[in-house]
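Single-structure report; data block below.
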Amino acid sequence: MRRASWIALPALALGLALAARGADKDQGAVVEMDGLRSHAPAGWKQETPANRMRYAQFRLPKQGEDKADGDVVVFKGLGGSADANVKRWKGMFQPPAGKSIDDVAKVKEMKIGGRPAVYLDISGTYVVRVRPFDPNSPTEKKAGYRMLAVQWDGPDNPYQIRLTGPAKTVEHYKKGFDEWLQGFKK
């Protein structure tokens with residue numbers, strides 16, 4: 001009996017050491033999109049998707065004096081071209097007085113896993129429906145918000161990926177979001 005516990009102790013110590021080493025790498029959940037994988041940043045809290053249209057979902061704890069958390073949502077297999085989705089995403093925002101939506105929106109092309117993607121960075125007042133799929137639902141306006149939104153056509157499916165939240169919170173997580181996107185590999 002004593003001998004078995006001496007054998008178990010080194011195995012337990014090795015397991016704990018490997019777990020601690022993994023935590024030091026600042027890596028969170030693995031997200032897979034069409035055979036490409038990337039570790040989400042460790043500070044992202046993985047959640048069960050809120051509805052069947054969402055493929056993956058993360059909560060990003062609020063920063064500083066922001067009043068709300070941010071979130072990352074991944075949609076898989078939804079239609080619409082990059083141009084149509086960028087137009088729709090722009091329609092979710094109102095620019096500050098004296099500015100146009102194009103003054104507060106930047107669109108660029110990038111690659112994810114070697115495939116083209118379109119990346120929108122937009123800020124202003126975020127206008128959302130209280131019941132998202134009900135066109136008669138009242139809207140809620142959230143001033144000082146920002147969204148980083150990506151349309152990526154993977155090898156098998158289109159994906160829309162959005163980081164949305166108060167501007168300071170989004171700025172805090174932007175670097176990790178960008179690195180996560182660039183990290184998708186086989």
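The values are calculated or read from the model by the stated rules, or taken from the named source; none is laboratory data. Just so you know, these numbers come straight off a predicted model, no measurement behind them. Glycine also receives a Cβ, built like all others from the backbone with ideal geometry; neighbour counts cover every protein chain displayed.
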Looking only at the stretch 40-56, count every residue that is surrounded by fewer than 18 Cβ atoms within 10 Å (Cβ to Cβ) and in contact with a strand residue (DSSP E or B) (Cβ under 8 Å, 6 or more places away or on another chain) and tell me the total.
10
Checked against (1) farther than 27 Å from ARG52 by Cβ; (2) over 16 Å from the mean Cα position of the chain (by Cα); (3) in contact (Cβ under 8 Å) with a residue 12 or more places away in the chain, ALA97 satisfies every condition except (3)
Subset of the stretch 114-127, residues closer than 16 Å to PHE177 by Cβ and either of a type in the set (Ser, Thr, Tyr) or modelled with pLDDT under 95 (or both), comes to TYR119, SER123
With criteria (1) of a type in the set (D, E, K, R); (2) surrounded by 14 or more Cβ atoms within 10 Å (Cβ to Cβ); (3) in a strand (DSSP E or B), LYS106 comes up short on (2)
If you take the residues in the stretch 109-138 that are more than 27 Å from ASN157 (Cα to Cα) and of a type in the set (Gly, Ala, Ser), which one is surrounded by the fewest Cβ atoms within 10 Å (Cβ to Cβ)?
SER137
Would it be correct to say that LYS168 is surrounded by 14 or more Cβ atoms within 10 Å (Cβ to Cβ), of a type outside the set (Phe, Trp, Tyr), in contact with a Lys or Arg (Cβ under 9 Å, 6 or more places away or on another chain) and in contact (Cβ under 8 Å) with a residue 40 or more places away in the chain?
yes
